[in-house]
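Comments concern the structure below.
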Amino acid sequence: MKYPNRLFGRTPVIPFISLAIPIHAETLVEHRFGGSAEAPLNELHADTNRIRPVPWNAGPILAANGQVNDGTNTDQGLVLDLGLSWKFRPQSTYTITLGFSNLDNAVLFAGFRDANPSGNAQVQTQGNVFALRVREIAGSDNVGIFQWPGGIFTDSGLSYETNASATFTLTLETNDLTNAVVSIGDARVTLDLTAHSWRYFFAGYEDPTAASPPSDAKLDFLELAGPLPPPLPLPRLVSYDAEEGEATIAWLSVEDESYTLQGSSDLADWQPLDGSDWNPFAGDGSEIEFTDLAEGPRKFYRLIRP
C-alpha cells in the first residue's frame, strides 16, 4: 500500500527502533492506589502500562488513593483506553486482579468493555462487559463473573471478609477467540471475543442508593497480565529525493494491526503524520509506504499503536 505525502519532510531520515518483546505472560497494566485522598485519579497514568501510554479516565470524585466514597451514594469508575490496535491473542492466558479493602454496602468490578463510558456513571452497564464482580450489600457477599448486557452473574463460591483487605483474580483463556473461557473459583463463562472490540480495561464501583451508611470501600490494587502485543515493525527509508525534499518510509504491516506514523526533528517532540492519529494506517500483511515532505536539517520517524 502506498500513501502520498500530505505533510512535511526533508533530508536524512533515521528510523526509531522498536524492541523485540517476549510472548509469555507479562504485567500489561498495574496500578496501586497510594496517592492522596484529595487528589483526583482522572488524568493520572497507571504505575505500569505496557500497552499504550494514556492516562486513566476516572469519575470526578474517585480519588488517587482509591477511595470511592463521597458520602452521597453514587457510582464511579476508571477506564483505560487500550487503543484501536488492542486485541486478545489466541491460545493465550490473561488475568485481571482486583485488590480492595473495607468493602461494605458496595459492589466492585474489574474487567473489559467495548465502549468508552462516562466516568461518573455505572461503567459496568455501558456497552458490552465481562468482569470480575465483588459484592457486599445488606450482609450479602459474593464473588463471581459479571456480564452485560443482561446483568448476568455467575457466583464463584468464593468468600471473604468484607471489612478486610482482599484480592481476587479472574482468568481468561482465549483458546480460538470464539470459545474463550473466563473463570474464577468454580465459576466459568464462555465468550466469543471476536464479537466485540474489548478496547477498554476498567474498574467500576457501585454504591447503591439504598446503601446506609454510604460505602467505605477502597481500591488498593488493579492488574492486567498477559502476553504483550507483537513488537512494532521497524520503519525504513526506501528513497530520498534531495531536490524535492521527499522521503519515502516503508514498513511491513501485520494483518488487522493499525499504525500511527510520527515524525520528530529532535526525538523529543513527536507529531503524527498525515493525520494518522485519528485515521491510522491499516495493516493487511503487505508493505505500507508513505512519502513525507519535511523542512529542517534532519527528521526521525517511529510507529506507535493508535
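The values are calculated or read from the model by the stated rules, or taken from the named source; none is laboratory data. Note that this is a predicted model, so its numbers are computed, not measured. So basically every Cβ, Gly included, is an ideal-geometry build from the backbone, and we count neighbours across all protein chains shown. Accessible surface areas use protein heavy atoms only, side chains included; no ligands, DNA or RNA. Shrake-Rupley method; radii C 1.70, N 1.55, O 1.52, S 1.80 Å.
I'd like the residue in region 133-163 that is in contact (Cβ under 8 Å) with a residue 24 or more places away in the chain and of a type in the set (Phe, Trp, Tyr) and, out of all such residues, is surrounded by the fewest Cβ atoms within 10 Å (Cβ to Cβ). Looking at residues that are in contact (Cβ under 8 Å) with a residue 24 or more places away in the chain and of a type in the set (Phe, Trp, Tyr), I get Tyr160. If you go through region 164-174, how many residues are within 25 Å of the chain's Cα centre (by Cα) and open to solvent by less than 50 Å² (accessible area, probe 1.4 Å)? Of the residues in that region, 6 qualify. For Pro214, state whether it is in contact with a Gly (Cβ under 7 Å, 6 or more places away or on another chain) and open to solvent by 10 Å² or more (accessible area, probe 1.4 Å). Yes, satisfied. With respect to the conditions (1) in contact with a helix residue (DSSP H, G or I) (Cβ under 7 Å, 6 or more places away or on another chain); (2) of a type outside the set (Ser, Thr, Tyr); (3) surrounded by 19 or more Cβ atoms within 10 Å (Cβ to Cβ), Leu193 lacks only one, and its number is (1).
In region 79-97 there is no residue matching the filter, namely being crowded, with 19+ Cβ neighbours inside 10 Å and either in contact with a helix residue (DSSP H, G or I) (Cβ under 6 Å, 6 or more places away or on another chain) or farther than 30 Å from Leu232 by Cα (or both).
Considering only region 211-218, I want to know if a residue exists there that is basic (Lys, Arg), over 21 Å from the mean Cα position of the chain (by Cα), at pLDDT 95 or above and part of a strand (DSSP E or B).
Taking region 211-218 and keeping what is basic (Lys, Arg), we get 218.
Then keep just the ones that are over 21 Å from the mean Cα position of the chain (by Cα); that gives 218.
With at pLDDT 95 or above added as a condition, the list becomes none.
Checked region 211-218: no residue is basic (Lys, Arg), over 21 Å from the mean Cα position of the chain (by Cα), at pLDDT 95 or above and part of a strand (DSSP E or B).
For region 233-258, the tally of residues that are touching a Gly at 6+ places or on another chain (Cβ under 9 Å), in a loop (DSSP other than H, G, I, E, B), among the charged types (D, E, K, R) and on the phi < 0 side of the Ramachandran plot stands at 2.
I'd like the full set of residues that are at negative phi and either out of contact with any Pro (no Cβ under 9 Å at 6 or more places or on another chain) or in a loop (DSSP other than H, G, I, E, B) (or both), limited to region 125-141. Break it down into steps so the answer makes sense when it comes.
Looking only at region 125-141, we keep the residues that are at negative phi, and these are 125-126, 128-137, 140-141.
Result: Gln126, Asn128, Phe130, Ala131, Leu132, Arg133, Val134, Arg135, Glu136, Ser140, Asp141.
Considering Ala268, Ala242, the condition of being touching a residue at least 24 places away in the same chain (Cβ under 8 Å), loosely packed, with under 13 Cβ neighbours inside 10 Å and more than 12 Å from Glu289 (Cβ to Cβ) is satisfied by Ala242 alone. Here is the figure for region 81-99: residues that are at pLDDT 95 or above and assigned to a strand (DSSP E or B) total 7.
Which residue, of Thr178, Thr171, Thr194, Thr167, is over 25 Å from Thr74 (Cβ atoms) and assigned to a strand (DSSP E or B)? Break it down into steps so the answer makes sense when it comes.
Values: Thr178 fails: assigned to a strand (DSSP E or B); Thr194 fails: assigned to a strand (DSSP E or B); Thr167 fails: over 25 Å from Thr74 (Cβ atoms).
Being over 25 Å from Thr74 (Cβ atoms) and assigned to a strand (DSSP E or B) holds for just one of Thr178, Thr171, Thr194, Thr167, which is Thr171.
Criterion first (crowded, with 16+ Cβ neighbours inside 10 Å, within 26 Å of Asp75 (Cβ to Cβ) and at pLDDT 85 or above) does His45 satisfy it? It is false that His45 is crowded, with 16+ Cβ neighbours inside 10 Å, within 26 Å of Asp75 (Cβ to Cβ) and at pLDDT 85 or above. Restricting Leu273, Leu293, Leu261 to those that are at pLDDT 85 or above, touching a Leu at 6+ places or on another chain (Cβ under 7 Å) and either buried (at least 18 other Cβ atoms within 10 Å of the Cβ) or on the phi < 0 side of the Ramachandran plot (or both) reduces the list to Leu261.
Looking only at region 175-190, filter to residues that are of a type outside the set (Val, Ile, Thr) and within 20 Å of Gly127 (Cβ to Cβ); which one of those is surrounded by the most Cβ atoms within 10 Å (Cβ to Cβ)?
This residue is Ala180.
Across region 68-80, the qualifying residues are those that are under 25 Å from Tyr160 (Cβ atoms) and at pLDDT below 85, and the one among them that is nearest to the chain's Cα centre (by Cα) is Gln76. Ala121 passes every criterion in (1) modelled with pLDDT under 90; (2) outside any loop (DSSP other than H, G, I, E, B); (3) open to solvent by less than 40 Å² (accessible area, probe 1.4 Å) apart from (2).
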